[in-house]
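Below: one structure, written as structure tokens.
Laboratory data are not the source of any read-out in this text; all were calculated from the coordinates shown. What you are looking at is a predicted structure, and each value in this text was computed from that prediction instead of being measured. Backbone-built Cβ (ideal geometry, glycine too); neighbour counts: all protein chains shown.
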Amino acid sequence: MAEDRSYEIRRWTHGAVLVLEIHGELDILAASTPAGLLNRAEPPPGATRVIADLRRLAFIDCAGFGVLDRLGGLLRERGGDFLLVVTDPFVRRLLCLTGLSRTLPVHSSVRAALAAAASPADRRGLRAG
């Protein structure tokens, strides 16, 4: 299977927090290719706080949500946190309807997510910030 080019991940750090800017489409193709999203987005072994900035997503389907859920589970197993930055009201609604917002905290800006990653009191559930 050819490598999927429908998405791009840019990585940067802010202190001890890894930020993944995800551009393009998170769909079944992105999730299922050998060098798919899960492999490319997986944080390095020492990273325990990761923010996925989804503001530049053009599309996400259930396979994309599944990848985000698996990344969140991986980080929770390490004692860490996985936070999302989402501004699209439709995507925010789907996160609520699927129950993912209970385990993947949702924020409306990277700044708010960075503040939450630094604050142990704000680690779970949908956030307005």
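Brief remarks follow.
- Shape of region 7-118, Cα gyration tensor, a/c cut at 1.5: rounded
- Counting every other Cβ atom within 10 Å of each residue's Cβ, E21, E77 order from fewest to most as E77, E21.
- Model label sites at T103 and A47, defined 7 Å from Cα along the beta-carbon direction, differ in position by 2.0 nm.
- Distance between the 7 Å Cα→Cβ label points at C96 and W12: 3.0 nm.
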